[in-house]
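What follows is one structure encoded as C-alpha cells, with my remarks underneath.
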Amino acid sequence: MNWIHYTLIAMVLQGAILFTVKLFSFQTNPLIVLLYQYVGSVIVLFFYILIKKISFKINFKELLWVFLSGFLVSTGLSFYYLAIGLGEASKVIPIHNVGITLFPALLGFFFLKEKVTKKTILGIICSIVCVILLTI
Amino acid sequence: MWLLYVSIAIVLMSLNIFIVKKLIKKVNPYLIILYQYLIAVPIVIIYSLFSNAELFTGNVAIIFLGVVYVTAIVLYYIALKKGSLSKVTPVFNMKMIIPAILGIIFLSETISIQLIIGLLFGALGVYFLGSDKK
C-alpha cells in the first residue's frame, strides 16, 4: 500500500468518527468528547504496544518534540472549539478546514522542499473547494 | 475574537503535523501518538476546567471510539511517513465527505447540488494528488 491508500482509510475512519460523535454528543461539551477520545486512545495504544512488544523507549530529545506536538494539537483543538463557541460554526469550520489544509502544504513546500507540481496545486485547490462546499 | 482563536488553532495544528512529519522518520507512530496523548489528556482537562465543562458528563461510549480514532491517526501518520505533507494533509482533511455521505444514508439528509459539486471536487482532489508521482 502507498500513502494514498493509508490516507483514504484514515480519512474514512476519521469521517465516521465525526459522524458518530455528532450523533450522540449534542449535549456534551466538545472538549469533553475530545478528552474521552484521548483517554480511550491512550488505553488502546498502551495495550497494543504491550501486545506487539514494541519498546516504549524513546530518546529524550525526541520525547520533548513529541510532548511539544501533543501540546500543539491539544491546544490547537481547544482553541478551535472555543472559536466555534464564540463564532458561527458556518464561518469557523470552513476557515479552520481550509487553514489546516493549506498551511501544512505551504510548510511542506517551503521548509521540506517538497516539489510543487501542477497536479499538487490543482489537487490542493480542489480539496479546498470541496471542504468549503461541504462545510458552509 | 473567534477569528483570532481559529487562526491560533490553524497555526498550532499545522505546526504539530509538521513536527510529526519530521519525527515519523525516526520514531514508531504508535509511540508518537501514545506520548502525544499522554501529555494532551492533562492539558485538555485543564482547558475543560477553565471552560467550566463538567468532566464526567460525557457518554462513556466515546471512550470506545478511541479505538477507531487511534487507528485513523496511526494510518494518517504512516501515510505522512510514506508521502509528502503537501499531498497527505489535503486528502486527509477532506474527511467531512464521510459525515455528509453517512448523513444521507442514515439520517435521510437531503442531497443538495452544493454537496454533489463538493464531492466531485473531493474526488478530483484525490485524483490529482494521488496520481502525482513526483
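Structure summary
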| quantity | calculated |
| --- | --- |
| Condition met for residue B:130 (more than 23 Å from residue A:35 (Cα to Cα) and free of Cβ contacts under 8 Å to residues at least 12 places away in the same chain) | no |
| Residue ID - nearest to residue B:25 (Cα to Cα), chosen from residues in the stretch A:112-136 that are in contact with a helix residue (DSSP H, G or I) (Cβ under 8 Å, 6 or more places away or on another chain) and part of a loop (DSSP other than H, G, I, E, B) | A:112 |
| Residue that is in contact (Cβ under 8 Å) with a residue 24 or more places away in the chain and closer than 22 Å to residue B:32 by Cβ, where the choices are A:72, A:77 | A:77 |
| Test: residue in the stretch A:87-100 that is touching a residue at least 40 places away in the same chain (Cβ under 8 Å), within 7 Å of chain B (Cβ to nearest Cβ) and either surrounded by 22 or more Cβ atoms within 10 Å (Cβ to Cβ) or more than 15 Å from the chain's Cα centre (by Cα) (or both) | no |
| Positions within the stretch A:53-75 being of a type in the set (A, V, I, L, M) and more than 7 Å from chain B (Cβ to nearest Cβ), in sequence order | A:64 |
| Qualifying positions in the stretch B:22-52 - more than 7 Å from chain A (Cβ to nearest Cβ) and on the phi < 0 side of the Ramachandran plot | B:22, B:24, B:25, B:29, B:42, B:46, B:49, B:50 |
| Only listed residue being over 30 Å from residue A:126 (Cβ atoms), in contact with a helix residue (DSSP H, G or I) (Cβ under 9 Å, 6 or more places away or on another chain) and surrounded by fewer than 19 Cβ atoms within 10 Å (Cβ to Cβ), chosen from B:8, B:45 | B:45 |
| Some residue of the stretch B:52-74 being part of a helix (DSSP H, G or I), outside the structural domain of residue B:113 (by TED's automatic domain parsing) and touching a residue at least 40 places away in the same chain (Cβ under 8 Å) | yes |
| Flag for residue A:77 being modelled with pLDDT of 85 or more, in a helix (DSSP H, G or I) and more than 30 Å from residue B:124 (Cα to Cα) | no |
| Selection count where residues are more than 7 Å from every other protein chain (Cβ to nearest Cβ), buried (at least 19 other Cβ atoms within 10 Å of the Cβ) and in a loop (DSSP other than H, G, I, E, B), scope the stretch A:1-52 | 0 |
| Pairs where the first residue, in the stretch A:121-134, is under 13 Å from residue B:95 (Cα atoms) and the second is not in a helix (DSSP H, G or I), C-beta under 9 Å, 6+ apart | none |
| Complete set of residues in the stretch A:113-136 that are in contact with a Phe, Trp or Tyr (Cβ under 8 Å, 6 or more places away or on another chain) and not small (Gly, Ala, Ser) | A:116, A:119, A:120, A:122, A:126, A:129, A:130, A:133 |
| Residue list for the stretch B:88-113, restricted to those being surrounded by fewer than 22 Cβ atoms within 10 Å (Cβ to Cβ) and at pLDDT 90 or above | B:113 |
| Residue B:119, sole failed condition from (1) outside the structural domain of residue B:13 (by TED's automatic domain parsing); (2) closer than 19 Å to residue A:22 by Cα | (2) |
| Test: residue in the stretch B:75-87 that is more than 7 Å from chain A (Cβ to nearest Cβ), surrounded by 18 or more Cβ atoms within 10 Å (Cβ to Cβ), without any contact (Cβ under 8 Å) to a residue 60 or more places away in the chain and among the hydroxyl-bearing types (Ser, Thr, Tyr) | yes |
| Residue check for residue B:89: within 15 Å of the chain's Cα centre (by Cα), outside the structural domain of residue B:128 (by TED's automatic domain parsing), of a type in the set (Ser, Thr, Tyr) and assigned to a helix (DSSP H, G or I) | no |
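The values are calculated or read from the model by the stated rules, or taken from the named source; none is laboratory data. For clarity, every value in this text was computed on a predicted model and none was experimentally measured. As a convention, Cβ positions derive from the backbone with ideal geometry for all residues, glycine included, and neighbour counts pool all protein chains shown.
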